[in-house]
1. How much net charge surrounds residue 55 when only other residues with a Cβ under 10 Å from its Cβ are counted (Lys, Arg +1; Asp, Glu -1)?
2. Roughly speaking, what % of Cα-Cα pairs in region 132-184 are separated by over 12 Å, rounded to a whole number?
3. Per the Debye formula with a single identical scatterer at each Cα and no solvent contribution, what log10 I(q)/I(0) holds for region 495-592 at q = 0.14, 0.18, 0.22 Å⁻¹?
4. Take every Cα pair under 8 Å in region 396-549 that's 6+ residues apart, average their separations, divide by the length, and report that relative contact order as a whole percent.
5. Sorted by accessible area (1.4 Å probe), largest first, how do 577, 435, 195 line up?
6. For region 495-592, report the accessible area per residue in Å² (1.4 Å probe, heavy atoms, rounded to an integer).
7. Counting pairs of alpha carbon atoms under 8 Å apart in space and at least six apart in sequence, what relative contact order in percent does region 79-177 give?
8. Give the accessible surface of region 143-188 per residue, rounded to a whole number of Å², with probe radius 1.4 Å and ligands, DNA and RNA excluded.
Amino acid sequence: YPEELAWHTNLSRKILRKSPELEKFHQFLVSETECGNISRQEAVSMIPPLLLNVSPHHKILDMCAAPGSKTAQLIEMLHADMNVPFPEGFVIANDVDNKRCYLLVHQAKRLSSPCIMVVNHDASSIPNLQIDVDGKKEVLFYDRILCDVPCSGDGTMRKNIDVWKKWTTQNSLQLHGLQLRIATRGVEQLAEGGRMVYSTCSLNPIENEAVIAALLDKSQGALELADVSSELPGLKRMPGITKWKVMLKDGQWFEEWKDVPLNRQTQIRPTMFPIKEEEKLKAMHLERCLRILPHHQNTGGFFVAVLIKKSPMPWNKRQPKINQKLPPRTVDTVETAANLDEGTENITEEPALEENEESKKMQDVQKSDTEPSKKEGVCGPPPSKKMKLFGFKEDPFVFLPEDDPLFLPIQKFYALDPSFPKMNLLTRTQEGKKRQLYMVSKELRNVLLNNSERMKVINTGIKVWSRNSDGEQFGCAFRLAQEGIYTLYPFIHARIINVCIEDVKILLTQENPFLSKFSSETQKKVKDMAMGSIVLKYDPDPEKPDSLQCPIVLCGWQGKTSLRAFVPKNERLHYLRMMGVEVFKAKRKEEESERKTEEEAECKQAPREEGMDVEDKNHDLVTKMEAETGEESSNTPVESSAMEVESKTADLEEISRNTSNHESEESKD
């Protein structure tokens, strides 16, 4: 893994959770995972994002994204330069299963990026999106596409015991058609010169080389397999194969399509067989595919193919001309498509090809499903499908109007830079008080505004401000939110207090410390400042190499006689670890101390410091809102949230990888 950013342990999950000797290490993993500083993932599934060669300006589509570990890698690559708060690129992460989309949201939220959008569509018919380019509507083509399709999961046989009981050859026969449709839809939406990575955690050629060969065959030279032998030099790999047979559940083998009896031609399709023409097969370079075998590096089994698009797909050649005629949208309110049936405009928007040889070929292809005697082994673009939308009805995404009176006090209170992109602020409420303000990049704003009817958006943006009713008397009704502070900080010019390392320790270890506990410099700065939300900034001292050498930005609240930080528990633990403070507590001690604090809190029902009241009210609002939208609050206790999510993620991943077909995948999840 580049820059030694990945580490491997041979400990099983059970040993990690149950061993008293590993309790400290386990708490560290859980806490840092919840913060987004660590992602735990199967080693081989880290390969596809690395082979995408992502740059911060790339527009990326992750077609089958849940549970989200690969999406997290992609977001991380977009933010390679941490000094740029808004990279030009973005990630649109899609999944067909509504419930798994919320798992995806939880994973993405840990990374606090304004450049991620989670959508809920069938990947095989994901709609074409439009963006506004200099006043003209154009179809959005992606620079990079990750196509990690549903598969039989037979490569996971080492960790997934169910594979041994449930595996049959039928699994791959049922999934092949879906995999080919998803891959076809992917390359249609890929920009010329763009790169798409197709991957499965299966070693069956029906799901792997057969799909790639069929895709290359019908692309008529528009696609080529990239040679990635020089990339990831430490990875042990095997080349793709060019010869294989097809087997039915009852043990019958077939070498060619012509050998398949009529009554079996619904189960076995022509695209499942290897290409017989030697020249055509040689030109495909199937040996450029990557096969990762479990025993080579003590991993799971995996298949990866990297495709590059050289020209438009044969059936899409006239596509760009039609898009200029689309009427512009001027409305700044984006409603999610909750009850639409027009989810597959991707097919209807594409122009009909002229009556030439290509269109005749296409007609032949469409008949080939019912007439086996027609041209074999070729099929056209995926058929039009009605998109089924299900799950929760999402709140709308409403961008703040230019003249919204809500923003002026915020701008004045925090002395925001004139370059601050206020057009990118949005809320999730159309009527009533706006409780939270979220931020997206300008590129995602463009996507949201132009595709409200095409897309079912589950979540996007990061929270930057939360309403704070008691704050109005101090000049601003909104306090800063920790998850968006690193995005906001470059634009804030007021209410910043520089603190020393000792002050940071006090802020992170004490709940509501009095001002007298802080250094005299901090006390002086606070004295001249009005009460309310503040930014607490620690800058490292290069002359003291033993002290913490990375900058820290915290959200805080200044009361009459106290100063406190508003930082989620796991993030507090992270910063304290970085400063060398011992944060490990044995479970029993922690439970006892928590019980004592709860009892004390019940006894003390007297009013507390203004800041404390504000935070409590605010936390309730945040928890309530996140419960409504299906998201978890970032302030949840370590053991009860992160580990459950981790186990759910693993369980869901195992379920989805072992489905017999697309529909059963949904029902199981």
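The values are calculated or read from the model by the stated rules, or taken from the named source; none is laboratory data. From a predicted model like this one, the values you see are computed outputs, not experimental measurements. FYI the Cβ positions are ideal-geometry reconstructions off the backbone, even for glycines, and counts take in every protein chain you see. Side chains included, ligands, DNA and RNA excluded: accessible areas come from the protein's heavy atoms. Shrake-Rupley method; radii C 1.70, N 1.55, O 1.52, S 1.80 Å.
1. Working: positive: 144; negative: 88, 143.
Neighbour charge sum, excluding residue 55 itself: -1.
2. Values: 1017 of 1378 pairs.
Value for region 132-184 (Cα pairs over 12 Å): 74 percent.
3. The calculated log intensity ratios at q = 0.14, 0.18, 0.22 Å⁻¹ are -0.54, -0.84, -1.16.
4. On the way: 186 pairs, mean separation 31.2, N = 154.
With pairs under 8 Å counted, the relative contact order is 20 percent.
5. Values: 577 65, 435 105, 195 30 Å².
Putting 577, 435, 195 in descending order of accessible area: 435, 577, 195.
6. Values: 5050 Å² over 98 residues.
Each residue of region 495-592 exposes 52 Å² on average to a 1.4 Å probe.
7. Numbers: 70 pairs, mean separation 18.8, N = 99.
Relative CO of region 79-177 lands at 19 percent.
8. On the way: 1500 Å² over 46 residues.
Accessible surface, normalised per residue, equals 33 Å².
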